Amino acid sequence: DRPMTTISMPRTEPVIPRRLLSEQAIFALMVWAGFSLFIFVLTFAVSLVRDIDVSGWNLAGQPARWFGFAIGIYVGYSLFPLYVTHGGTRKGYTAQVLSFALAYGGLLGVLFTLTFPIEAGYYALMGWPQALHGAELYAHPLDLPVVLAQWVVIMVLWVMGGIFMGAAWYRSAVYGTLAIIFGIFLVGLSGMAIGAGDGPFEWAYRQLLGSDRPGTFAAIVLHLVAIAILGLLTWAAVRDAPIHNKSE
């Protein structure tokens, strides 16, 4: 009898990394539950020594950004070599991390937005005003459509920024250093678009156009353009990046 010949079929690469998304979504839900509870307890502790006059959850936006950024670095740095050495292509990896950034950043934005109504009930019970401490695209934390739009694009931007940063550092220290410089620029650009803070980008924008921020629609479009650029730069970083040995 002639031996049977095994025919290797081309390996398909799904655009959406379902397993990665499900694992990180569960992790995000656990972190969100613990972090939101911590913020609520911290707010109560602060109320014992001073009046509460602003939304504590809105102040939590900065560490929330860094959480998404850290997950992005993990995906960009650690998962790239695993994906390629297990038969995936660099093009497939880029498509998957972009879809991951969109879906995961969207999830983080939704979780962040949904916490404001919970905080509103808590603040109403305690008799505290749920005001903003600085400029945002939304005028009140319960302006949920605008809150959602702002935090989804912010979270997607920071997750995608982390992926780009991780991929750039995996490629080389030179690329990683350039990625940090570009990342600082994007952070300033995002802050300018939202109108929060008073960094050099916002000062320059006001000097040139005489306005504090470009407006809600323009701010969202600017974030979407920045996300697309980060996706292209991630592809540029990984398309011919060598796979390092574990000893390196």
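The values are calculated or read from the model by the stated rules, or taken from the named source; none is laboratory data. As the structure is a computational prediction, the values presented were derived from the model and not from experiment. As a convention, Cβ positions derive from the backbone with ideal geometry for all residues, glycine included, and neighbour counts pool all protein chains shown. These area figures cover heavy atoms from the full protein model, side chains too; ligands, DNA and RNA do not enter into them. Shrake-Rupley method; radii C 1.70, N 1.55, O 1.52, S 1.80 Å.
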Do we have any residue at all in the stretch 192-211 that's open to solvent by 70 Å² or more (accessible area, probe 1.4 Å), of a type in the set (V, I, T) and either assigned to a helix (DSSP H, G or I) or at pLDDT below 90 (or both)? no
The correct count of residues that are farther than 16 Å from G195 by Cα and either part of a helix (DSSP H, G or I) or open to solvent by less than 40 Å² (accessible area, probe 1.4 Å) (or both) in the stretch 129-146 is 4
Only listed residue being crowded, with 20+ Cβ neighbours inside 10 Å, over 30 Å from E13 (Cβ atoms) and in contact with a Leu (Cβ under 8 Å, 6 or more places away or on another chain), chosen from A120, A64: A64
Among the residues in the stretch 70-79, are any over 18 Å from G183 (Cα atoms), in contact with a Gly (Cβ under 8 Å, 6 or more places away or on another chain) and open to solvent by 20 Å² or more (accessible area, probe 1.4 Å)? yes
Any idea how many residues of the stretch 147-164 are open to solvent by 20 Å² or more (accessible area, probe 1.4 Å) and either small (G, A, S) or at pLDDT below 95 (or both)? 1
Just one of I180, I227 is open to solvent by 60 Å² or more (accessible area, probe 1.4 Å) and at pLDDT 90 or above; which is it? I180
